[in-house]
Amino acid sequence: MHPTSPAHARWDAPSPAFEASWGKVMMWLFLLSDTLTFSGLLGGYGYLRASSEAWPVPEAIFNVNLVGLMTFLLICSSATMAAAVGAARQGETVKTGRLLGLTVLGGLIFLAMQAYEWTHFIHAGARLASNPWGVPLFSTTFFVITGFHGLHVTAGVIYLTTVALRALQGRLDANGVETAGLYWHFVDLVWVFVFTFLYLI
């Protein structure tokens, strides 16, 4: 078959299904590895809790209303993040920057509330290797899992702040905003699982 035949042209034509920026592909790979990490942490938590004869009842220790509000804030920040991606695709630079700013604000409030929760938990006597409710691993798993997620939120706040500043300076990159959105939605989704496993079940 001649190289310039229609059949050959069809093979050479780019497929929209596989069109993705290098940054987006790398972000997906990172999120895949992070999914395995969080799955391991939550799986380990489940094993430790199931094998313990006297695991504390979470609702008797945690302020579920406070954590519920934290969860609601993150869900709202996912909505503003999605709106920012939409605005970026339309080339609306200022609107994108403002929506990213609202997303960052939601992340900062979440971190402040988590800091308050940690402070209250520590003042009650909880430590990495001990706690006043009996099983030391209860505090260990709480600090490790929520702390690891908190680091992700902190990194996300820094990341989105950088993207927002670039947008407000007129250097809007729609693909960059969408890639940042992938990370933020992942962080929010992981928290839903953390909230369910650590605070509700």
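The values are calculated or read from the model by the stated rules, or taken from the named source; none is laboratory data. The structure displayed is predicted, hence computed values, not measured ones. Cβ sites come from the backbone with ideal geometry, for glycine too, and all protein chains shown count toward neighbours. When the accessible area is computed, the model is the full protein with side chains, heavy atoms only, and any ligands, DNA or RNA have been set aside. Shrake-Rupley method; radii C 1.70, N 1.55, O 1.52, S 1.80 Å.
Observations on the structure shown:
- Radius 15 Å from Cβ of residue 85, net charge of other residues (Lys, Arg +1; Asp, Glu -1): +1
- Expected 222 nm ellipticity per residue - DSSP helices of 4 or more, -39500 (n - 2.57), all of the chain, to 500: -26000 deg cm²/dmol
- The residue list 143, 167, 56 was ranked by how far each Cα lies along the charge dipole of the chain toward its positive end, using unit charges on Cβ atoms, and 167 comes out on top.
- Listed peptides 142-155, 47-60 by packing density, highest first (mean Cβ within 10 Å): 142-155, 47-60
- Surface accessible to a 1.4 Å probe, per residue, for the residues of the chain, Å²: 55 Å²
- Compactness index (Cα Rg / 2.2 N^0.38 Å), the stretch 156-201: 1.50
- Packing-based ranking of 160-171, 100-111 yields 100-111, 160-171, ordered from highest to lowest mean Cβ neighbour count within 10 Å.
- Given charges at Cβ of Lys, Arg, Asp, Glu: the chain dipole, positive-most of 67, 46, 180: 180
- Tensor-based shape of the stretch 33-92 (alpha-carbon gyration tensor, a/c under 1.5 rounded, otherwise prolate or oblate): oblate
- Electrostatic bookkeeping for residue 65 treats Lys and Arg as +1 and Asp and Glu as -1; over the other residues with beta carbon under 14 Å from its beta carbon, the sum is -2.
- Dipole magnitude of the chain, debye to nearest 20 (Cβ charges: Lys/Arg +1, Asp/Glu -1, about Cα centre): 320 debye
- Quotient of C-alpha Rg and 2.2 N^0.38 Å, computed over the stretch 74-141: 1.70
- Global geometry of the chain, whether rounded, prolate or oblate, following the gyration tensor of its Cα atoms and the 1.5 cut on a/c: oblate
- Rounded, prolate or oblate (a/c below 1.5 giving rounded, otherwise prolate when a/b exceeds b/c) for the stretch 107-159 by Cα gyration tensor: oblate
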